[in-house]
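The values are calculated or read from the model by the stated rules, or taken from the named source; none is laboratory data. Everything quoted here is computed from the prediction, not taken from an experiment. Counting neighbours? That spans all protein chains shown, and the Cβs are built from the backbone with ideal geometry, glycine included. Side chains are part of the model used for accessible areas, which takes the heavy atoms of the whole protein and leaves out ligands, DNA and RNA. Shrake-Rupley method; radii C 1.70, N 1.55, O 1.52, S 1.80 Å.
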Amino acid sequence: MRRSYCVAVAALACAAFTGVHADETCNSPYISKLIKGQEDYVYVWTLGIEGLGDGSDKLVTVDVNPKSKAYGRVINTVSTGTRAEAHHMGLTDDRRHIWAGGLSENRIWVFDIASNPAKPKLVRTVSDLGDKSGFLGPHTYYALPGRMLVQALSNTKDKSGKTGMALYNNQGKFIDAQPMPSSNGGDGYGYDLAVNPKKNVLLTSSFSGYANYMRPLGELIKDGEAMKNFGNTMVVWDLKALKPQKVLAVPGAPLEIRWSLNPKDNWAITAAALTSKLWLVKQDAKGDWNAKEAGTIGDPAQIPLPVDISITRDGKGLWVNTFMDGKTHYFDLSNPEAPKQTYEKVTGKQVNMISQSWDGKRVYITSSLLANWDKGGADNEQFIRGFAWNGSELTQKFEVDFLKEKLGRAHHMKLGSRALYAKPKGG
Amino acid sequence: MRAFAFAVALLAAPAAAHHVELLPRLEFVPPAPGTYVLHHIMAAPQGTVLDVDGNAAPLSRYTRGSITLLGFIYTTCSDPDGCPLAYRVFDALKEAIGTRTELHGRVRFVTLSFDPARDTPGVMSRYAGSRAVYKGNGLRWYFLTTRSARQLMPLVEGFGQDVRVTRTGRELSHVLKVFLIDRGGDVREIYSSNFLHPEVVLNDIETLLAEER
C-alpha cells in the first residue's frame, strides 16, 4: 500500500539528501549540495593590503579543475571596496550564497555563487550585527536550515573577548542573539561552532577579542596581561533550544572544531593554538560530553601555533597546519583518543587555512592568519597552493602568488562547482 | 515523562506502532514544550496553488489561521530518507494528534509538490488517497500542486526549499525540509531529517500553542 503511493513511477528515482552529510568536510551538515567529484573553483576570501592593487578585501575565484584551460589561475575577483580584516566565510544551507565577514568591523558581505559560480556577485551587505547584538568581529558562518548562525569574536562595548552568537535568516534579517556563557566555568569567549544534528549538540570554542587579535603579534606576546585574555573553554549547547549545557575546560585557545562525519562516531576534535594540543570532545556511555587532551602537534615549546585543521570524511585522518613553522601535518585518527602523526611537510613560510576535497585527493592551503600576525619581509608569502595527496605524499600542483597578482592576503577557502545549480522543468 | 506518554499514545494503536517501527530512532531527548523559543524565521511566501480538485487559491489559505506543517514532495520520490520519511512522520503525527483532543482543529498538514509537470491535481489526489478526506479526527491534510514551474518557483525560493534537476533530467534532487508555520503565517522551524521526528514536532506544536495562552 505504501509503495503504491510513494513510487508511482518506478523508473524515476528521488535523490533527496538527508542533511547528515557534508561535502568539503568542514562545512555545516545542513549544506545541501555535495561536491563529491572534482571541484571547479576555490573561492578565497582575501584581506586587502594598503597600496597593493585596489587595497580592498575581496573574494577571489581560482579555477582548480585540471581539465580547464584556466587551471591554477585567478578567473574573477569581487572587491568589497573596503579593508576590514577579511577572515572567514560560510555557505548558506542551499549553497546559493557565501557569507563573508571581517574581524575589524561588523559588516557581512553576501555573495551569490549560484547564478554564475565562476563569477560570484556581491548581492547584499548585512551591517546590523553590532547594533542588534552588541557583538563585534563576525567569525564563523554556520548554516542551519533557512538560517545562518554567526559566531563573533568580540563586542562593541570594550572590544574584549566577551562575545556571542547571532542568528540571521538566509535573507539577512537578524533573528536573535545569544551570549557565550560567562558563569559556571564559562569565560565568555567565542571562536568556532559546529553542529552534530544527530545528537542535538552545538559545540563552540574560544579565542580572543579585538583588543588582542588586532595588535601586532610580536607586541602582543610580550604583554603578559594581554596574553591572559584568551579562551580556555569549549561549550556544549542544546542545539534545538540554543542553550548552553556544559562548559568544558580546554586550555590554550581551542580553535576550529571538526565533528567526525562517520555516522557511528560521537566525537569532535579541535586544536588548541597556544598549547599546540589536540583535544577530543566525546560522549561517554552515560551520554555526558567530556573533553580530553588527545595529542601534541609538533613541539609545543617552539609554539608552532596550530591554526586550521581538516578532517577526512571517514573520520580517520586529520590535516593540521602550523603557522609559525609553515608545516602541514597529517594525523592518523584511527584511534581518536591517541592521534598519531604520520606525515609532515613544509608547505610555505607561513601557512594557515587548509581544505580538502571530499575524496581527500586534493588539498588546498593558504597563507594568511591575520594582517597584524602575518610574518614580515621575505617570510610574508601570500598564496593559495593546490596539492595532490596520494595517501603518503603531498605534491604541489599549482600556486597563485597573491602578492604578485596584487590581490592581498589569502585566507579562508570554500569550494565551488558549476554542476550544482539548475531549476525544475515543467511549464 | 512527556516523551513516555507520547510513545504510549503511539503504541496504543496498531497502525501507529507500525510507524514507530519505521521511523529512525531519536538519539537525544528533545527539550520539553515551552522551555525554548521558536524564532520567527521568515514569513511564508505568497503564491497560488491548486488543490486536488484543480481549484486555485492563494497559499496563504493553507498557511494562516492554524498551525501548519508543510512539506514539499514529488510523487515519484522513492528515497527512504526523503519524501517517504516525511510521509511517515506526518502519518505518525496524524495518529498522535488524533488521540489529543486539545489539538483538534488547531493543526493542519500541507503536502506541496515541486514537480508540477508530473504532479497534476489528479495525480496528487491519487497520491493522497484517503488522507485528503477529513474523517473528523481533528486534522485536515491538504495535498497541493501548482500550475507550472513559473508558479512554483516563488514558493520554492520563498521557503528556501532548494531543488534541482539532475544531469539526466529525470530526477529532482532536493534536501528534505519540512516547515512549521504559526497561525500568523510565519515559519517558526525548519526540519531536516535529523529533527523530523514526531516527538520533536509535537513538542514544537505545543510550544507554539503555549504562546497563544
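Spin-label model, A:K404/B:D53: points 7 Å from Cα along the beta carbon direction are separated by 7.2 nm. Over all directions, the projected convex hull of the C-alpha atoms in the range A:274-320 averages 4.0 nm² in area.
Buried between A and B is an accessible area of approximately 4600 Å², summed over both sides with a 1.4 Å probe. Which net charge results for the neighbourhood of B:S66, defined as the other residues with beta-carbon distances under 10 angstrom from its beta-carbon, given Lys and Arg at +1 and Asp and Glu at -1? Every neighbour counted, the sum reads +4. Candidates A:G48, A:I98, A:G72 compared by Cα position along the dipole of the range A:40-114: farthest toward the positive end lies A:G72, with charges placed on Cβ. Overall shape: oblate for the range A:321-369, with the ratio a/c of the largest to smallest alpha carbon gyration tensor axis at 1.5 or above and b/c at least equal to a/b. List the residues of the range A:295-312 whose backbone N lies under 14 Å from a point placed 7 Å from the Cα of A:E337 along the Cα-to-Cβ direction. Backbone N within reach: A:295. A:K69: which aspartates and glutamates have alpha carbons under 16 Å from its alpha carbon, excluding same-chain residues fewer than 8 sequence positions away? Reachable aspartates and glutamates: A:E39, A:D40, A:E399. Along the charge dipole of the range B:124-165, Cβ charges K/R +1 and D/E -1, which of B:L155, B:S125, B:L144 sits furthest on the positive end? Of the candidates, B:S125 comes out farthest on the positive side. The charge dipole of the range B:61-121, taken about the Cα centre with unit charges on the Cβ atoms of Lys, Arg (+1) and Asp, Glu (-1), comes to about 380 debye, rounded to the nearest 20. Here the protein assembly as shown yields Rg over Rh of 0.98, to two decimals, using C-alpha coordinates and the Kirkwood radius. Directionally averaged projected area (the range A:301-408, Cα convex hull): 7.3 nm².
How high is the FRET efficiency from A:D379 to A:D223, r the C-beta distance, R0 22 Å, rounded to 0.05? About 0.45, to the nearest 0.05. Which stretch or stretches of the range B:43-80 have amide N atoms under 16 Å from the point lying 7 Å from B:E157's Cα along the Cα→Cβ direction? Answer for this model: B:45-48. When the trypsin sites (Lys or Arg not before Pro) in the range A:235-318 are filtered for DSSP coil states and for at most 15 other beta-carbon atoms within 10 Å of their beta-carbon, the remaining sites are A:K264, A:K286. For the range A:78-230, the Cβ-based charge dipole about the Cα centre amounts to some 360 debye (Lys, Arg positive; Asp, Glu negative; other atoms uncharged). When the trypsin sites (Lys or Arg not before Pro) in the range A:320-411 are filtered for DSSP coil states and for at most 11 other beta-carbon atoms within 10 Å of their beta-carbon, the remaining sites are A:K404.
Is the C-alpha gyration tensor of the range B:37-93 telling us rounded, prolate or oblate? Criteria: a/c under 1.5 is rounded; beyond that, a/b larger than b/c is prolate, otherwise oblate. Cα axes put the range B:37-93 in the oblate bin.
Just check the range A:222-299 against the gyration tensor rule for me: Cα atoms, a ≥ b ≥ c as the square roots of the eigenvalues, rounded for a/c under 1.5, and otherwise prolate or oblate depending on whether a/b exceeds b/c. It comes out oblate by the Cα gyration axes.
Ranked by solvent-accessible area (1.4 Å probe, protein heavy atoms only, all chains present), the residues A:V346, A:V351 order from largest to smallest as A:V346, A:V351.
Charged side chains reduced to their Cβ positions (Lys and Arg at +1, Asp and Glu at -1) give the range A:255-320 a dipole of some 180 debye around its Cα centre.
Contact-buried residues of the range B:99-127, at a threshold of 30 Å² lost accessible area versus the chain by itself: B:Y127 (1.4 Å probe; DNA, RNA and ligands ignored).
Name the residue from A:L242, A:L318, A:G161 whose Cα lies farthest towards the positive end of the charge dipole of chain A, charges +1 on Cβ of Lys and Arg and -1 on Cβ of Asp and Glu. So the residue furthest toward the plus end is A:L242. Helix content alone sets the calculated 222 nm mean residue ellipticity of the protein assembly as shown: runs of n ≥ 4 DSSP H residues at -39500 (n - 2.57) each, divided across all residues, give -4000 deg cm²/dmol. Taking 18 Å as the cut-off for C-alpha to C-alpha distance, list the pairs among A:K228/A:K292; A:K246/A:K282; A:K33/A:K397 that go past it. Long pairs (Cα-Cα over 18 Å): A:K228/A:K292; A:K33/A:K397. Solvent exposure of the protein assembly as shown amounts to 37 Å² per residue of accessible area, where only protein heavy atoms count and the probe is 1.4 Å. Using the Cβ-Cβ distance between B:Q46 and A:Q245 with R0 = 35 Å, the FRET efficiency computed as 1/(1 + (r/R0)^6) comes to roughly 0.35.
Only lysines eight or more places from B:K94 in sequence, or on another chain, were considered; those with a Cα closer than 25 Å are A:K198, A:K240, B:K135, B:K177. Shape annotation for the range A:173-293: C-alpha extents along the principal axes are 45, 36, 26 Å, from largest to smallest. The accessible-area ordering, largest first, of the residues A:I75, A:I384 stands as A:I75, A:I384, per a 1.4 angstrom probe. Annotation: B:R88 carries an accessible surface of approximately 30 Å², with a 1.4 Å probe and no ligand, DNA or RNA atoms counted. Output ³J(HN,Hα) for the range A:224-232: one whole-Hz value per residue in order, computed from phi by the Karplus curve 6.51 cos²θ - 1.76 cosθ + 1.60 with θ = phi - 60°, and x for Gly and Pro. Taking θ as phi minus 60°, the curve returns x, 5, 5, 5, 6, 8, 10, x, 10 Hz for the range A:224-232.
Full extension of the chain between A:V74 and A:R124 gives 15.7 nm of extra length, using 0.36 nm per residue less the Cα-Cα distance.
Here A:S32 sits with roughly 0 square angstrom of accessible surface, probe radius 1.4 Å.
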